[in-house]
Amino acid sequence: MSTYAPIGLTGGIASGKTTVAQLFRSWGAFVADADDISRHALDVGTPCYEQTVGTFGRHILLPDGVIDRKKVASIVFSDPEALAVLNGIIHPYVHEVILTDSERVFAETPRRLIVWDVPLLFETGYDREVGKTVVVTARQSLRIQRIVARDGSTKAAALRRIRAQMPDREKVKRADMVIRNNGSLEELETRTREVFDELLETMDR
Ligand code: ATP
């Protein structure tokens, strides 16, 4: 019998985590994407929409009733208390959606691999709610190259973003499985497949 034990997937910026999540998805896993859920948390009709407008006021709305994210971002950028309030609205919602979606998938297809793709898996304590954890890492120089190529930022800015996060070695210490993404995309796929197969194998143990 399968037991409910989602897999926690994480990795620092530009490590290749999204690529790994896409591969898992293409092989049939259900991936709950915390970033994607939080990007949609303020959409019209969500409980967060009501709470955010109720808290910050109707001046954060665009004429069509959509929350003006730039306005909200500019408010919380310079006001840590407002940021904490916004996080207090969004984070529980993201958690709730991840749990509800995962439990539904497990009830429908108990043998399907369930993956929680959470950038701050260890920092936010999500790791305590999952079965195994998978960390994607890559050499710093490669991550800088990938950030510069993708976002057009400077090397210095890329390095600052990397340094603002939990170091890879700390994540690796805490991980059950590690995917080192220092080669080609083909190599990444091969290693990811090994991890995927091992996760499937251990599901029933
Ligand atoms: P972020 O957390 O910043 O969103 P991420 O960890 O999810 O990043 P990806 O989006 O998977 O990382 O990868 C970052 C960029 O690097 C992407 O453009 C991706 O196509 C590229 N990339 C990832 N792995 C490789 C690789 N092995 N070879 C070449 N390019 C790669």
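Going by the conditions given, is Arg143 more than 12 Å from Gly11 (Cβ to Cβ) and part of a helix (DSSP H, G or I)?
Criteria not met by Arg143.
Give just the number: which of (1) at pLDDT 95 or above; (2) farther than 12 Å from Gly12 by Cα; (3) part of a helix (DSSP H, G or I) does Arg150 not satisfy?
Condition not satisfied by Arg150: (1).
For the structure I just gave you, tell me whether Ala14 is surrounded by fewer than 13 Cβ atoms within 10 Å (Cβ to Cβ) and either touching a residue at least 12 places away in the same chain (Cβ under 8 Å) or under 30 Å from Ala175 (Cβ atoms) (or both).
no
Output the residue which, of all residues in segment 1-44 that are more than 19 Å from Leu120 (Cα to Cα) and at pLDDT below 95, is farthest from the ligand (Cβ to nearest atom).
Of everything passing the filter in segment 1-44, Met1 is farthest from the ligand (Cβ to nearest atom).
State yes or no: is Arg128 in a helix (DSSP H, G or I), closer than 17 Å to Ala34 by Cβ, among the charged types (D, E, K, R) and more than 13 Å from the ligand (Cβ to nearest atom)?
yes
Could you please find all residues in segment 172-190 being more than 10 Å from the ligand (Cβ to nearest atom), within 20 Å of Ala29 (Cα to Cα) and outside any strand (DSSP E or B)?
Correct list: Ala175, Asp176, Thr190.
Looking for something closer than 16 Å to Val134 by Cβ, in contact with a Pro (Cβ under 8 Å, 6 or more places away or on another chain) and surrounded by 13 or more Cβ atoms within 10 Å (Cβ to Cβ) - is there at least one such residue anywhere in segment 27-37?
Taking every residue of segment 27-37 in turn, at least one turns out to be closer than 16 Å to Val134 by Cβ, in contact with a Pro (Cβ under 8 Å, 6 or more places away or on another chain) and surrounded by 13 or more Cβ atoms within 10 Å (Cβ to Cβ).
Give segment 102-133 a look and list any residue that's under 18 Å from Thr10 (Cβ atoms), charged (D, E, K, R), open to solvent by 20 Å² or more (accessible area, probe 1.4 Å) and in contact (Cβ under 8 Å) with a residue 12 or more places away in the chain, or say none.
Passing the criteria: Glu123, Asp127, Glu129, Lys132.
Looking at Val76, Val105, which one is over 15 Å from the mean Cα position of the chain (by Cα) and either farther than 30 Å from Thr137 by Cα or modelled with pLDDT under 95 (or both)?
Only one candidate qualifies: Val76.
The values are calculated or read from the model by the stated rules, or taken from the named source; none is laboratory data. A quick note: this is a predicted structure, and the numbers were derived from the prediction, not measured. Neighbour counts run over all protein chains shown; Cβ positions are idealised from the backbone, glycine included. Surface areas here come from the heavy atoms of the whole protein model, side chains and all, with no ligands, DNA or RNA. Shrake-Rupley method; radii C 1.70, N 1.55, O 1.52, S 1.80 Å.
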